[in-house]
Amino acid sequence: MSNISTKQYEIGMIGLGVMGRNFAFNMAEHGFSVAGYDKSTEQVEALWKESKGSDIYGAEDVVSFIALLKKPRAIMMLVPAGAPVDAVIKDLLPHLDKGDLIIDAGNSHFTDTDIRTSVLAEKGIQFLGVGVSGGEEGARRGPSIMPGGSKEAYERVRPILEAASAKVQGEPCVTWLGPGSSGHFVKMVHNGIEYGIMQLISEAYDLMKRGAGLNDDEIRDAFTVWNQGELNGYLVEITGQIFSKQDPKTGNRLIDEILDVAKQNGTGLWTSQSAMELKVPTPTIDLAVAMRDMSVMVDERKQAEAVYQRLPGRLHGDQAALITQLGRALYSALILTYAQGMALLAAASEKYGYQLDLEAVARIWRGGCIIRAALLEEFREAFKTKKELSNLLLDPGLSKKLIDHQEDLRQVVSLAAESGVPAPGLMVSLGYLDAYRSAWLPTNLVQAQRDYFGSHTYERIDDKGTFHTQWEKE
């Protein structure tokens, strides 16, 4: 370790793991001096080794770290959500002054962010809940950044965040989203949409693999072609690349050596929970969460396969035509998934007073983040045309695209059902569309049932008020 620096640094970074260290280098490369700290001396030493020639300094303890920062201080945390965030704040507080700023750039639950904002405000400490998406590469080269909290606090670090963020057509993929926990709520929904997209892509893969009998090269080529057209997006792009990767251990394609168990960090679940609390249907996201749970049930799935003994049947017909139709079906389902997430953001904005500009959300998602896709530009235009758009499915341009593609989704769902290849994400996406476009739903029967067994009353189509019937009496 070098001697303690006498220089004053512009921003501090706590948490020098992959994300924190890369974000620190990102900020330094854009001309901002960074002081770093981590409880792990190994992480601090790694920073020292990697930061030679950079305007970055690693501190060995909290006191030294705080002393390195310009006043009023700005400190960013990139640590795991939950108790670790509170532990860092607890360690910092004795050494901070009124007017200092703490930035939580992890995946914290938005309700925790609200509590921390309130508690710290009482002590005169500013707090920003900031969503960051882009993974290791994004942190290093430019992520999508979703800040929420005090506008004044955001303005203090805006030049740093704008410089470090991804850029699309010269525009930084960061903007102040709103007060309180708005940034972390938007990041949570971003991740929920990510769950949905990944589930849909995996189903397209399965339909090609087990349904059509395509090999890894043919599946890679399908995703590569899709990424060159209307399905252009980061997740489609990397999926194509995944199928080319060889396993150095076996010589086989690596994808074929990976266990079919998908884990989760909670953000998809939180999205579904929040949607249910706000009474916004997000069935594709909900299903994606459920399928990750299903994937963990390896032993039960093997038992069930032995019991039911129905292997997936082959999808017949022209292979090229099938791939084209599957791509169009996937495109429809992706629009429906984004629409569900954006509808949730609109409801949350009203409920929690976020005052979200959904055009701005679509804009900052166009680059850096995991769900970036060409479609985001169209979503941005939709919200620009109608700021208070409650659901993307009501936009004239997007609705036309869905009308043009919906029969492909319907046909693919039918093929999947007949063959026995599981495609629940595609199925529930189609169900969402069919329910949303239906002016009448059979829920009148549900309400009659509720009134029958629980006297919950019902409304009539020909009269105002609430009614109850003694169903068992003539």
Antiparallel content of DSSP bridges confined to the chain, in %, to 5 = 35 percent
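For the chain, with every protein chain kept in place, what is the accessible area per residue (1.4 Å probe, Å²)?
Working: 22890 Å² over 474 residues.
Ligands and nucleic acids excluded, the figure is 48 Å² per residue.
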With a 1.4 Å probe and every protein chain kept in, tell me what percent of the accessible surface of region 20-100 is carbon plus sulfur.
-> 51 percent
Between Leu394 and Thr469, how many nm apart are label points set 7 Å from Cα along the C-beta direction?
-> 3.2 nm
Run the numbers on the chain and let me know its relative contact order in percent, using alpha-carbon pairs under 8 Å that are six or more apart.
-> 13 percent
Computed lengthening from Met276 to Lys249, 0.36 nm per intervening residue step minus Cα-Cα distance | 5.2 nm
Write down the radius of gyration of the chain and its Dmax, each obtained from C-alpha positions, in Å.
-> 25.1, 92
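Convert 4 °C to kelvin, take the viscosity as 1.567 mPa s, use the Kirkwood radius over C-alpha pairs of region 178-239 as Rh, and evaluate the Stokes-Einstein diffusion coefficient in µm²/s, rounded to a whole number.
98 µm²/s
Compute the FRET efficiency between His95 and Arg301 as 1/(1 + (r/R0)^6), taking r as their Cβ-Cβ distance and R0 = 56 Å, and round to the nearest 0.05.
Working: r = 52 Å, r/R0 = 0.93.
Efficiency, rounded to the nearest 0.05: 0.60.
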Excluding ligands and nucleic acids, what accessible area in Å² is computed for Glu137 using a 1.4 Å probe, to the nearest 10?
-> 120 Å²
In whole angstrom, note down how far apart the Cα centers of region 29-94 and region 116-133 are.
-> 17 Å
Once every Cα of region 108-220 carries one equal point scatterer and solvent is ignored, give the base-10 log of I(q)/I(0) from the Debye formula at q = 0.15, 0.21, 0.23 Å⁻¹, two decimals.
-> -0.73, -1.09, -1.20
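Could you tell me whether region 22-76 comes out rounded, prolate or oblate from its Cα gyration tensor? Rule is a ≥ b ≥ c as square roots of the eigenvalues, rounded for a/c under 1.5, then prolate if a/b exceeds b/c, otherwise oblate. Intermediate results must be reported in sequence, preceding the final value.
Details: a/c = 1.89, a/b = 1.02, b/c = 1.86.
Because a/c hits 1.5 or more and a/b fails to exceed b/c, region 22-76 counts as oblate.
Roughly speaking, to the nearest percent, how much of region 325-413's 1.4 Å accessible area is carbon and sulfur? If you can, show how the numbers build up before the last one.
Details: 1600 of 3260 Å².
Exposed carbon and sulfur together represent 49 percent of the surface.
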By its C-alpha gyration tensor, with a ≥ b ≥ c as the square roots of the eigenvalues, how is region 342-474 shaped: rounded for a/c under 1.5, else prolate for a/b larger than b/c, else oblate?
-> oblate
Averaging over all projection directions, find the projected area of the Cα convex hull of region 364-439 and quote it in nm² with one decimal place.
-> 6.4 nm²
Within a Cβ distance under 15 Å of Leu311, other residues only, what is the Lys/Arg minus Asp/Glu net charge?
-> +3
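Let me make sure I get this right: for region 193-296, a, b and c are the square roots of the gyration tensor eigenvalues over alpha carbons, sorted descending. Under 1.5 in a/c it's rounded, otherwise prolate if a/b > b/c, else oblate. Which is it? Please list the in-between numbers first.
Working: a/c = 2.40, a/b = 1.68, b/c = 1.43.
Prolate.
The values are calculated or read from the model by the stated rules, or taken from the named source; none is laboratory data. Predicted, not measured: the structure shown is a model, and the values here were computed from it. As a convention, Cβ positions derive from the backbone with ideal geometry for all residues, glycine included, and neighbour counts pool all protein chains shown. Note: accessible area is taken over every heavy atom of the protein model, side chains too, but ligands, DNA and RNA are not part of it. Shrake-Rupley method; radii C 1.70, N 1.55, O 1.52, S 1.80 Å.
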